[in-house]
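Read-outs throughout are calculated quantities, based only on the coordinates presented, and are distinct from any laboratory measurement. Note that the coordinates shown come from a computational prediction; the quantities given were computed from them, not determined experimentally. As a convention, Cβ positions derive from the backbone with ideal geometry for all residues, glycine included, and neighbour counts pool all protein chains shown.
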Amino acid sequence: MSLFRNIFRSKSEKEKEEIKSNERGKYMPQVKLPIDESFTINFKTNGGKFLYCENLDEVFDNLFLILKENDWEEKPVFFYDDNLKERFKSCNLKIGGLNEANYFITTCENLIADDGSLLISSNQIAEKKLNEFPSHLIVFATTSQIVTNIGEGLREIKSKNAQKIPTNITTIKHFKQADEKDFLSYGSPSKNLYLLLLEDL
């Protein structure tokens, strides 16, 4: 994907591109970033921790690094999704109930590029509220789940679940403690969130 190639290109190439963009007139339309790049920038701005993985082995390796960094190796994890629990079975994680778990591993419906949020539903959290889950969250998602905006994400949910549309659809956007001066995010449950993003395009 373009974003990940951009990360590793030389500084001089980036500087040339910045000069070109500065030469644009003030009435020219803004350069639109690719949605993967837009999502990553907004997600990190929200305080999320992003780990790009080219294959499942890298997903598992990065998961172990997260657990080691936070000293969670012996702490219980909660899975709501049985398929996800099965996928991570080889990691030999200590499984616990919702009330005793230190962290929560889940999937999401979509990754929203416009604001760097994660769209989730009853498929991930049943009918519970976000603040009922551990404050440490590890989300496993794929690059094909990145969409431009919430409207596009809702359309995808509807088309994927035509027989039974999930309920409790919400977004997770705040990944660090909200500033009391920021009245738009104050009072929203903030999560210490890691995103394991698997390349599947």
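Descriptive notes on the structure:
- Against the conditions (1) part of a helix (DSSP H, G or I); (2) exposed (fewer than 13 other Cβ atoms within 10 Å of the Cβ), Glu74 satisfies every one except (1).
- Single condition Ile138 does not satisfy, out of (1) surrounded by fewer than 21 Cβ atoms within 10 Å (Cβ to Cβ); (2) within 12 Å of the chain's Cα centre (by Cα); (3) closer than 27 Å to Phe64 by Cα: (1)
- Checking Asn92, Asn83, Asn99 one by one, the residue that is free of Cβ contacts under 8 Å to residues at least 24 places away in the same chain, at positive phi and not acidic (Asp, Glu) is Asn92 and no other.
- Hits in region 135-144 (condition: in contact with a strand residue (DSSP E or B) (Cβ under 8 Å, 6 or more places away or on another chain) and more than 20 Å from Lys85 (Cα to Cα)): Thr143
- On inspection, Lys68 qualifies as part of a helix (DSSP H, G or I) and among the basic types (Lys, Arg).
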